[in-house]
Amino acid sequence: MFKDREEAGKLLAQALAPVIDYSARPIVLAIPRGGIPVAYQIAKTLKIPMSIVVVRKLGLPWNEEAGFGAVDPTGTAYYEESVLRFLSPEDVKKVLEKELKELKERERKFLPEGYPDLRGRQVIIVDDGVATGYTAIAAAQFAKKMGAKEVIVAVPVCPVDAKARIAPYVDKFICYYPVSSPHFAVGMFYQDFHQLTDEEALSYIRKAKEEGLFEPTSEAGTP
């Protein structure tokens, strides 16, 4: 049981330390909003820069919390094929359009100047946990498109079967606490798992900038 996302980030940093390649200019990319406090503590502990990667879960029309995939900043979607057969093409299109609109709004809010240059770098994708893993997959694929040399997905907690789903898309998958519970939810493993507000997320970004931990954008970082 993690006290909160910051404690989870400190512990995850310990697990990441042996695989960080400082010669490959490592960078932590947080999936907002919950991944931002985790990434901030990793950046601070390991003394590497951080930034944001905005991806969006695609939720079922009748239950948005149940994801059937995710979309990355280029508009590329990654689907759970077994669920797609229950959805019409029109359903999928509507969900995708809605989430892409939200994705672009979050980019303007959290990353108005654009993405950093990822070419030739070790990129660590971080969230506060994974369930289906599709947002992590979308973020990892985006990093590869942007020229990352090595892509690692790192999370504090995950179901044991997450590795099999995510591993084909990444160079390394690190989960601090894999769980075999049949009824998995990320929030079950945090004492404090309140939904971060935009202002809380932005406060971490401001703090990282003040401490020299937030990677500036570059023209090469525009998807």
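Given the criteria touching a Lys or Arg at 6+ places or on another chain (Cβ under 9 Å), under 23 Å from residue 46 (Cα atoms), surrounded by 23 or more Cβ atoms within 10 Å (Cβ to Cβ) and not acidic (Asp, Glu), does residue 123 qualify? Judged against the criteria, residue 123 is a match. Go through segment 44-65 and count every residue that is part of a loop (DSSP other than H, G, I, E, B), at pLDDT 95 or above and either within 16 Å of the chain's Cα centre (by Cα) or of a type outside the set (A, V, I, L, M) (or both). Of the residues in segment 44-65, 5 are part of a loop (DSSP other than H, G, I, E, B), at pLDDT 95 or above and either within 16 Å of the chain's Cα centre (by Cα) or of a type outside the set (A, V, I, L, M) (or both).
Per-residue answers, yes or no, for (1) aliphatic (A, V, I, L, M); (2) assigned to a loop (DSSP other than H, G, I, E, B); (3) closer than 26 Å to residue 102 by Cα; (4) touching a strand residue (DSSP E or B) at 6+ places or on another chain (Cβ under 9 Å):
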{"position": "132", "(1), (2), (3), (4)": "no, yes, yes, yes"}
{"position": "136", "(1), (2), (3), (4)": "yes, no, yes, yes"}
{"position": "165", "(1), (2), (3), (4)": "no, no, yes, no"}
{"position": "174", "(1), (2), (3), (4)": "yes, no, no, yes"}
{"position": "195", "(1), (2), (3), (4)": "no, yes, yes, no"}
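On the stretch given as segment 77-90, residues that are in a loop (DSSP other than H, G, I, E, B) and among the aliphatic types (A, V, I, L, M) total 1. Scanning segment 42-58 for residues that are crowded, with 24+ Cβ neighbours inside 10 Å, in contact with a helix residue (DSSP H, G or I) (Cβ under 6 Å, 6 or more places away or on another chain) and not charged (D, E, K, R) turns up 42, 50, 52, 53, 54, 55, 58. If the condition is being surrounded by fewer than 24 Cβ atoms within 10 Å (Cβ to Cβ) and under 23 Å from residue 109 (Cβ atoms), then segment 59-71 contributes 59, 64, 65, 67.
Every residue, every condition in (1) out of contact with any strand residue (DSSP E or B) (no Cβ under 6 Å at 6 or more places or on another chain); (2) part of a helix (DSSP H, G or I), yes or no:
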| residue | (1), (2) |
| --- | --- |
| 29 | no, no |
| 38 | no, yes |
| 67 | no, no |
| 104 | yes, yes |
| 114 | yes, no |
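Out of 144, 93, one residue alone is under 29 Å from residue 214 (Cβ atoms), outside any loop (DSSP other than H, G, I, E, B) and of a type in the set (Lys, Arg). It is 144.
The values are calculated or read from the model by the stated rules, or taken from the named source; none is laboratory data. What you see is a predicted model; the values in this text were computed from it and never measured. Please note: Cβ atoms are built from the backbone with ideal geometry, for glycine as well, and neighbour counts cover all protein chains shown.
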